[in-house]
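Structure record follows, encoded as structure tokens.
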Amino acid sequence: MFSPSLLGGDFSRAGAELEEIASSGADYAHFDVMDGRFVPEITFGAKFIEDLRPLSDLVFDVHLMIEEPERHIERFVKAGADMITIHAESTRHLWRALSMIKEAGKDAGVAINPATPVSAIEPVLPIVDSVLVMSVNPGWGGQRFIPQSIEKVQELDSRRSEGALRYLIAVDGGVGRRNIRDLYANGMDLAIMGSAFFAEDDRKLFLHEMEESLQ
Ligand code: DX5
Ligand code: ZN
């Protein structure tokens, strides 16, 4: 499955970019929320997502790169997020923050930065709907994929089968033609793509080709 990231598009045309994501045949639309503290950049808040919500039936996959995400979860739920992913490094109360998302009836995701091992999130694996492996340092689109991320995908895949768990494995950062097959072969379910998706002229054809190459 594919979750194109709006961060790779032009924010002045956000509505049109979202429609472009929908017409490409993607399953999800990925929203990167940055607060200037957890990561240096600042992008947008809940209102941006709320205003785009009526334009699409896609699953809204909201990636919170913000400190103490528990302070904002309710607001993003109200804005129309379907899946909310928070960083293990961003809160002292990870279990509680994930439970808040679940209690709101939304899918809860946990993300780990490149320097955070999978073992750091082991206790929450049974309660999450997805795990996002950051394969670049969070904060910017268009960076180079960190190859060691593949080992984390493998580890998450084995822990999932050993523990009879059901989370999706998502990979975010530098994902594209060069590594997508390898990532799928190692257990990735959801490819998040910003620059690779928006760099293509024909996005529908691109996702179709990616899908074919995975058969
Ligand atoms: C980076 C974001 C990503 C970003 C990926 O911090 O979390 O979602 O949009 O962009 P690419 O695919 O260009 O690396
Ligand atoms: Zn992201």
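Out of all the residues in segment 152-186, which are among the acidic types (Asp, Glu) and either under 30 Å from ILE42 (Cα atoms) or modelled with pLDDT under 95 (or both)? Lay out the reasoning, then the answer.
Going through segment 152-186, the residues among the acidic types (Asp, Glu) turn out to be 155, 157, 162, 172, 182.
Selection gives ASP172 alone.
Of all residues in segment 114-136, how many are part of a loop (DSSP other than H, G, I, E, B), more than 12 Å from ligand 2 (Cβ to nearest atom) and without any contact (Cβ under 8 Å) to a residue 40 or more places away in the chain?
Going through segment 114-136 one residue at a time, the tally reaches 5.
Could you tell me whether any residue of segment 144-153 is assigned to a helix (DSSP H, G or I), more than 28 Å from ASP10 (Cβ to Cβ), without any contact (Cβ under 8 Å) to a residue 12 or more places away in the chain and in contact with an Asp or Glu (Cβ under 9 Å, 6 or more places away or on another chain)? Step through it out loud before you land on a result.
Residues of segment 144-153 assigned to a helix (DSSP H, G or I): 149-153.
Filter once more, so that each one left must be more than 28 Å from ASP10 (Cβ to Cβ): 150-153.
Pick out the ones that are also without any contact (Cβ under 8 Å) to a residue 12 or more places away in the chain and you get 151.
Next, only the ones that are in contact with an Asp or Glu (Cβ under 9 Å, 6 or more places away or on another chain) stay: none.
No, because not a single residue in segment 144-153 is assigned to a helix (DSSP H, G or I), more than 28 Å from ASP10 (Cβ to Cβ), without any contact (Cβ under 8 Å) to a residue 12 or more places away in the chain and in contact with an Asp or Glu (Cβ under 9 Å, 6 or more places away or on another chain).
Considering only segment 87-106, I want to know if a residue exists there that is out of contact with any Phe, Trp or Tyr (no Cβ under 8 Å at 6 or more places or on another chain), farther than 25 Å from GLU19 by Cβ and among the polar types (S, T, N, Q).
First, the residues of segment 87-106 that are out of contact with any Phe, Trp or Tyr (no Cβ under 8 Å at 6 or more places or on another chain): 88, 91-106.
Checking which are farther than 25 Å from GLU19 by Cβ leaves us with 88, 91-105.
Keeping just the survivors that are among the polar types (S, T, N, Q) gives 91, 99.
Checked segment 87-106: at least one residue is out of contact with any Phe, Trp or Tyr (no Cβ under 8 Å at 6 or more places or on another chain), farther than 25 Å from GLU19 by Cβ and among the polar types (S, T, N, Q).
Consider ARG144 against the criteria (1) away from ligand 1 (no atom under 16 Å from the Cβ); (2) basic (Lys, Arg); (3) in contact with a Gly (Cβ under 8 Å, 6 or more places away or on another chain): it satisfies all of them except one. Which criterion is unmet?
Here ARG144 meets the rest and fails (1).
Residues being surrounded by fewer than 18 Cβ atoms within 10 Å (Cβ to Cβ) and part of a helix (DSSP H, G or I): count how many of those fall in segment 161-180. Full working, then the answer.
So in segment 161-180, the residues surrounded by fewer than 18 Cβ atoms within 10 Å (Cβ to Cβ) come out as 161-166, 176-178.
From what is left, the residues that are part of a helix (DSSP H, G or I) are 161-162.
Qualifying residue count, segment 161-180: 2.
The values are calculated or read from the model by the stated rules, or taken from the named source; none is laboratory data. Since the model is a prediction, treat every value here as computed from it, not as a measurement. Note that each Cβ is placed from the backbone with ideal geometry, even for glycine, and that neighbours are counted across all protein chains shown.
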